[in-house]
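Okay, so here's the structure we're looking at.
The values are calculated or read from the model by the stated rules, or taken from the named source; none is laboratory data. Values in this document were obtained by computation on a predicted structure and should not be read as measured data. Neighbour counts run over all protein chains shown; Cβ positions are idealised from the backbone, glycine included. Note: areas computed on protein heavy atoms with side chains; ligands, DNA, RNA excluded. Shrake-Rupley method; radii C 1.70, N 1.55, O 1.52, S 1.80 Å.
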Amino acid sequence: LRAARGSGITVLDYRRHAGIDFLAAVLEVPGLELGGAFLIEALDHWIAVMPALTARAFARAVPADIRALDARFAEQLRLLDAGADLDQLVEIELDIQDALLALVGSTALDLLGNSTRPLRRKLGRMLLDLVDPRELVKRQRAQVRSVLKAQPPATDLSDAHRRYLLELNKPLRRRLASLPPMPSRSTTWGAEEQGASPAPESGV
């Protein structure tokens, strides 16, 4: 928003004027559905960017870092054996992603990771409903272990990870494409706070 004396308040185009803080604020709006179009865009950006970042992270990682990642995968498998909620797996997956971003050594990436954590949580949880969680964790763990053993060139690692993400997220992308494309917000959160009956969703 821009306030000007004598002219009132102007709503600016967020795509030209907003920053990471805007994205973080939007993700915290109660009852907000971001819409399939935005979620597909976010997923595509993740697939495009994360392979190169992962390659940079592994290039800087020491064996102890790899063992720490392996331990988190082992923790996920233990949770699955115990019948834990899939939300717990997602939180560990987010920790793994954040650990990789931290290895890159970029403060800007760390801040972006903090702001996008709710979005990454949403996409990660949706993915677990569409794949076999145990096979997913075992495959990711095997990939990390192979890096520790083979230490492939960064280009090869990036290309392999991109192919993996493209294949892995095919069912998620189809699911997102089936959602209403535009954002909407359920008004039930406001109605429930006031003790009223839930209201239908309305477009934003």
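Take segment 81-137 and flag every residue that is open to solvent by 60 Å² or more (accessible area, probe 1.4 Å) and either touching a Phe, Trp or Tyr at 6+ places or on another chain (Cβ under 6 Å) or β-branched (Val, Ile, Thr) (or both).
The answer is Thr107, and nothing else.
Sort out which residues of segment 33-66 are surrounded by 14 or more Cβ atoms within 10 Å (Cβ to Cβ), of a type outside the set (A, V, I, L, M, F, W, C), more than 13 Å from Leu123 (Cβ to Cβ) and in contact with a helix residue (DSSP H, G or I) (Cβ under 8 Å, 6 or more places away or on another chain), and write them in order of number.
Across segment 33-66, the qualifying residues are Pro51, Thr54, Arg56, Asp65.
Could you grab me the full set of residues in segment 1-26 that are among the small types (Gly, Ala, Ser) and touching a residue at least 40 places away in the same chain (Cβ under 8 Å)?
Result: Ala24, single match.
Taking the options Leu111, Leu100, name whichever one is within 20 Å of the chain's Cα centre (by Cα) and under 21 Å from Phe38 (Cα atoms).
Leu111
Do you know which residues across segment 152-188 are part of a loop (DSSP other than H, G, I, E, B) and open to solvent by less than 70 Å² (accessible area, probe 1.4 Å)?
Once the filter is applied, which keeps residues that are part of a loop (DSSP other than H, G, I, E, B) and open to solvent by less than 70 Å² (accessible area, probe 1.4 Å), segment 152-188 yields Pro152, Asn169, Leu179, Pro183, Ser186, Thr187.
In segment 121-151, what residues are outside any loop (DSSP other than H, G, I, E, B) and without any contact (Cβ under 8 Å) to a residue 40 or more places away in the chain?
Arg121, Gly124, Arg125, Glu135, Leu136, Arg139, Ala142, Gln143, Ser146, Lys149, Ala150
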